[in-house]
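A short worksheet on the structure shown next.
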Amino acid sequence: MRLFRQLSWFLKEHKKSYLTAVILLILAGFFDLMIPWLVGQAIDGLRTGSLDRTELIKLVGTLLALTVTSFILTYTWLSKLFGTAFLLERTLRSRFFAHLLKLTPSFYQKNRTGDLMALATNDLKSIERTAGFGVLTLVDSLNMTAITLVVMGVAIDWKLTLAALLPMPILAYAMNKLGGKIHHRFITAQNAFGTMNDQVVESISGLRVIRSFVQEDVDVKKFDDVTDDVFEKNMHVAKIDVLFEPIIKLLVGISYLIGLSYGTLLVFKNDITLGELVAFNIYLGMLIWPMYAFGELINVVQRGTASLDRLERTMKVKPVIVSTPRVEVARPDRIELIGLTFTYPEAQRASLENIDLTIERGKTIGIVGPTGSGKTTLLRQFLREYPLDDGMMKVNGHPYADIALETVRGWTGYVSQEHLLFSKTIRDNILFGAGDATEEELQEAIRLAAFTKDIANLEQGLDTMVGERGVMLSGGQKQRLSIARAMLKKPELMLLDDSLSAVDAKTEAAIIDSIQQNRYATTLIVAHRLSAVAHADEIIVLQDGRIAQRGTHEELMKFGGWYAEQFERQSEEN
């Protein structure tokens, strides 16, 4: 089967566990098959009067020993088989998560969060079930069927065995048809589940907006529509799924009818004994599980194959940016942008055009301009989230692409517009990325971010839980927490993407003063409030992705134009 070929790397890696489980499973099946034969011998012995007390005690003792042995073997192979299957799920989930961390923003622009969540939960669980229950049903159905048929045909009567198996070709045909249908329907159901996940994520993260616009009923209606679609898609799967057991029971019932009718005739003809007929019917009953297991095998494997195909499509996506270190650079003493031009994937026009900029270590660069002029896009180029042509960005004379990705990002302290916080304490959020920092360093970073008074006013101080995405904090508190987190890292390159917009003028001045005091870091500040960049060594004004003006605050005020007009307007408003 294709799925087991796709998982061959794992099966080879853990072949000892699987081999042990398979061998013990076969042995357990062999011991189980001895029990009906002994029962048949006992019945014939009672009928002919040849079974005395001593023989009966031996028979009972043998049956008890076989039962205990089968129990021990079954417990051992179950723990081996399903324990290894759980290990597969954990391995795939770890690989999947590690792969997601390597992928660049362009991937997340094309793939919904809900679909990725479905892959990490339902799809991986389907694969794990195939590696556990699927292997069990494959081995057990083949093993039990083969051994049982041999015993029935050789030890009892081959003609009776052949007659009882007449419905089996019909069963094989039905299972093949149902398996093909369930594969396609399960993929559709999983896609619908991903859509539902995405709806839940959007609704929870946008709960404040939904409430502020009084759209609760509308959002509930949208969610009901999505869940109805998921229900409908899963019902399509279930309509195929529920056919497996009835079809198997029907065909097994026909086998029983044939076996009992023809077997009774053979007893009357003295071709077989009554005990052999009883044993044959017990064996026929034991074939119910392999037949049912075969149907379940088709079902489970088709679900697992569909899930693994979905997972592999994501795992085959290559990150746009890969680390290709050719030189080692200890610190960025000089960063050069030479004719930097950048276009987002699938965008119609360039977001940045011919940007020339030289940044010396310790300098502060302000980046301002109208909305949509490319300020954030320019800042994100320093994080190497998208590929650039060789020579457009250099550090100490070396192309950015020649420096290890980990080194470049290790230099950088980035405070984005979104201020993403984790559902942990304030302390944990600030220590993120600098977990080995001392208490003194932590307090210093808090002071530099002008966050000390806010923490003092919180009942639990640094141990206050911030809630989902920092829901317990105000916008200004989120910004200062994010700045403290970046400052604690003591970065060589500090990137502030409009990170002072939610604080008052006094707090802004305190943070700017902290940045000026720590001249070890090269700082790039994107701002709409121009007072945040007035102190910068150089300010560049972007318009339509190009540098329209550049210079110090004094020079730009002297030249006039967009910067001077905007600064005067903001000064009047204040």
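Read the figures in this text as sums done on the coordinates, not as results from a lab. This is a predicted model, so every value here is computed, not measured. Please note: Cβ atoms are built from the backbone with ideal geometry, for glycine as well, and neighbour counts cover all protein chains shown.
Details
- For the chain, the dipole from Cβ point charges (+1 on Lys and Arg, -1 on Asp and Glu) about the Cα centre works out to 1700 debye, to the nearest 20.
- Each Lys and Arg contributes +1 and each Asp and Glu -1, all at the Cβ; summed about the Cα centre of the range 62-208, the dipole is approximately 360 debye.
- Of the trypsin sites (Lys or Arg not before Pro) in the range 358-437, those whose Cβ has at most 15 other Cβ within 10 Å and which sit in DSSP loop: 424
- Loop-located chymotrypsin sites (Phe, Trp or Tyr not before Pro) in the range 193-253 (DSSP state not H, G, I, E or B) with no more than 12 neighbouring Cβ atoms inside 10 Å: 213.
- Straight-distance crosslink candidates among lysines, where the alpha carbon sits under 26 Å from residue 375 and sequence neighbours closer than 8 are dropped: 102, 110, 363, 394, 478, 489, 490, 506, 558
- Net +/- balance of residues flanking residue 237 in space, Cβ distance below 11 Å, scoring K and R +1, D and E -1: +3
- 0 to 90° range, to nearest 10: angle between helix 505-517 axis and the chain longest Cα axis: 90 degrees
- Mean silhouette area of the range 334-573, derived from the convex hull of its C-alpha atoms and averaged over all directions, reads 13.6 nm².
- Between helix 135-151 and the chain: long-axis angle, C-alpha atoms, 0 to 90°, nearest 10: 10 degrees
- The 3J(HN,Hα) values that the Karplus relation (6.51, -1.76, 1.60; θ = phi - 60°) gives for the range 436-453 are, in residue order, 8, 5, 7, 5, 5, 5, 5, 5, 5, 5, 5, 5, 5, 8, 6, 10, 4, 5 Hz. Gly and Pro appear as x.
- Extreme residue, positive dipole direction of the chain, given options 298, 170, 405 (C-beta unit charges): 170
- 395, 237, 320 arranged by Cβ crowding within 10 Å, fewest neighbours leading: 320, 237, 395
- Taking every DSSP beta bridge that has both ends in the chain, the antiparallel portion is near 50%.
- Cα-based reach from residue 269 at 22 Å (exclusive), listing lysines while leaving out same-chain residues under 8 positions away: 159
- Enclosing the Cα atoms of the range 261-351 in their convex hull gives a volume equal to 226 cubic angstrom per residue.
- Partner lysines whose Cα lies under 19 Å from the Cα of residue 221, excluding those fewer than 8 positions away in the same chain, are identified as 233.
- Projecting the Cα atoms of 61, 205, 471 onto the charge dipole of the chain (Cβ charges, centred on the Cα centre) puts 61 farthest toward the positive pole.
- Expressed in units of 2.2 N^0.38 Å, where N is the residue count, the Cα radius of gyration of the chain is 1.44.
- Potential lengthening of the chain between residue 312 and residue 12 amounts to 106.1 nm, from the contour at 0.36 nm per residue minus the alpha-carbon distance.
- Taking label positions 7 Å along the Cα-Cβ direction at both residue 54 and residue 150, the computed distance is 3.3 nm, reported to one decimal.
- Modelled this way, with points 7 Å down the Cα-to-C-beta line, the labels at residue 2 and residue 264 are 4.8 nm from one another.
- Normalised Debye scattering of the range 2-315 at q = 0.08, 0.12, 0.16 Å⁻¹ gives log10 I(q)/I(0) of -0.52, -0.92, -1.29, counting only Cα atoms as equal scatterers and leaving out solvent.
- Stretching the chain fully between residue 330 and residue 436 yields a gain of 36.1 nm (0.36 nm per residue, less the alpha carbon separation).
- Were the residues from residue 249 through residue 510 laid out at 0.36 nm apart, the gain over their Cα-Cα distance would be 86.1 nm.
- Dipole magnitude for the range 317-373: about 160 debye, using +1 per Lys or Arg Cβ and -1 per Asp or Glu Cβ, origin at the Cα centre.
- Kirkwood-based shape ratio for the range 23-169, expressed as Rg/Rh from alpha carbons: 1.24
- Against the chain, whose longest principal axis comes from its Cα atoms, helix 562-573 is set at around 90 degrees.
- For the range 361-441, the ratio of Cα radius of gyration to the globular rule of thumb 2.2 N^0.38 Å stands at 1.35.
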